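What follows is one structure encoded as structure tokens, with my remarks underneath.
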Amino acid sequence: MKVGIIGGSGFDDFGELNVRDRLTPTTSWGEPSSPLICGAFGNTEVVFIARHGETHDIPPHRVNYRANIAALKDQQVSAIYAVNVVGGINREMCPGDVVIPDQIIDYTWGREHTYSDGPSSDSPSVPLQHVDFTNPYDATLKDKLLQQAIHLGLHVHAGGVYGATQGPRLETAAEIARMERDDCDIVGMTGMPEAALAREQGIPYACLALVVNLAAGLGDGDISMDQIQQTIDSRMADIRRLLVAVAKNTE
Ligand code: HPA
């Protein structure tokens, strides 16, 4: 089996991977965010891509999500694990916790969010399809993440609603209050359109979210970038261990 892993903030490389190839493909949708790093853990082949680029300079609204998913599709991956850092809205989802969301609400705008873009667009013509998106994340992949997270003793939440915002700024306290009324549990800037594009391409997809701060208005005062970075620095090793374990246990 071949799995795609999309690394987010704090996860711009996958040093644990025994690298066999470094590909720089172009897709019908343009260039992916980074070279594709190909390697293996045992029998599982892995293709890693850094969502924000190797030097982490592509902001969430400028990521070429279509090219990233298309490049993984061209590599024939049969599953995608996406890593995202998020703010916690649900009071139980605290900095350092892992969340495996089961739902998503899209608050982003102006992103190239579909392959079915119509005959008049500049993009390659793809027949119009209205994909089912009732359950945006794949049940089997979510379960693999959950089981391994439990096995590794991580503080993990099974399920939750991911609210995807436009960024790159963080939210206002009022925006978070609205998202809380909408039942969002976590907030991040990169969950969409990535999940929907994977669905359009027919690739099972799941999200591994690391909570790195309390969302706006929920902590004491303003959100501190230093604290976000400290949480990323202290928790990312566990996220990497989790992905290695999941890849190794993927048949
Ligand atoms: N909001 C949006 N995206 C984020 C946050 C947040 O509070 N934390 C990490 N990514």
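The values are calculated or read from the model by the stated rules, or taken from the named source; none is laboratory data. Given the structure is predicted, the values throughout are model-derived calculations rather than measurements. Glycine gets a Cβ as well: all are built from the backbone with ideal geometry, and neighbour counts include every protein chain shown. These accessible areas exclude ligands, DNA and RNA; they are computed on the full protein's heavy atoms, side chains included. Shrake-Rupley method; radii C 1.70, N 1.55, O 1.52, S 1.80 Å.
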**Lone qualifier among Asp106, Asp122, Asp97, Asp138 - being free of Cβ contacts under 8 Å to residues at least 60 places away in the same chain, of a type in the set (Asp, Glu) and out of contact with any Lys or Arg (no Cβ under 7 Å at 6 or more places or on another chain)** = Asp122
**Request:** Out of the residues in segment 88-144 that are of a type in the set (Phe, Trp, Tyr) and out of contact with any strand residue (DSSP E or B) (no Cβ under 9 Å at 6 or more places or on another chain), state the one that is surrounded by the most Cβ atoms within 10 Å (Cβ to Cβ).
**Result:** Tyr115
**Request:** Go through segment 1-83 and tell me which strands (runs of 3 or more DSSP E), entirely inside it, have 2 or more residues that are among the aliphatic types (A, V, I, L, M), open to solvent by 30 Å² or more (accessible area, probe 1.4 Å) and in contact with a strand residue (DSSP E or B) (Cβ under 6 Å, 6 or more places away or on another chain).
**Result:** 18-23
**Fill in**
Pairing a residue in segment 203-219 that is without any contact (Cβ under 8 Å) to a residue 24 or more places away in the chain with any residue that is near the ligand (Cβ under 9 Å from one of its atoms) and open to solvent by less than 30 Å² (accessible area, probe 1.4 Å), where Cβ atoms lie under 9 Å and the two sit 6 or more apart in sequence or on different chains, gives Gly219/Asn213
**Request:** Scan segment 183-214 residue by residue and report those that are part of a loop (DSSP other than H, G, I, E, B) and more than 15 Å from the ligand (Cβ to nearest atom).
**Result:** Asp183, Pro193, Gln201, Gly202, Ile203, Pro204
**Subset of segment 145-182 [open to solvent by 80 Å² or more (accessible area, probe 1.4 Å), part of a loop (DSSP other than H, G, I, E, B) and without any contact (Cβ under 8 Å) to a residue 40 or more places away in the chain]** = Arg169
